[in-house]
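Heads up: the structure comes next, in structure tokens.
The values are calculated or read from the model by the stated rules, or taken from the named source; none is laboratory data. Note that the coordinates shown come from a computational prediction; the quantities given were computed from them, not determined experimentally. Cβ: placed from backbone, ideal geometry, glycine included. Neighbour counts: every protein chain shown.
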């Protein structure tokens, strides 16, 4: 509230209904922080984090199934922007999740198999 003192010693106050916070308020857009780093997008490739362990239990069957589906581990040297050292094999792994890319064309084929009502994109990339 702004106050001014007049010549006769009384306070002159600006009525509250004339004051607005809108001019001093910040924008309230909230974007939650990402807990996993995003690799630099590459045209024609889709990235996914694949679970390699859960509660300190290895999940070799999950990794095997995903590699058969076409997901291949990303090398830490291929994506230095992630600033991760890599696991013992040099793959990008963080908290039991391994980053894997897959050709977007192959990803579309799997999506079309399980979701036959999906429209094909004109560029051929989902």
Original post:
If a residue has to be touching a helix residue (DSSP H, G or I) at 6+ places or on another chain (Cβ under 8 Å) and in a loop (DSSP other than H, G, I, E, B) to count, how many in segment 46-56 make the cut?
Top reply: 1
Original post:
Could we say that residue 62 is outside any loop (DSSP other than H, G, I, E, B), touching a helix residue (DSSP H, G or I) at 6+ places or on another chain (Cβ under 8 Å), at pLDDT 85 or above and surrounded by 10 or more Cβ atoms within 10 Å (Cβ to Cβ) here?
Top reply: no
Subject >> Unique residue being modelled with pLDDT of 85 or more and either loosely packed, with under 11 Cβ neighbours inside 10 Å or outside any loop (DSSP other than H, G, I, E, B) (or both) when the list is 43, 73 >> reply: 43
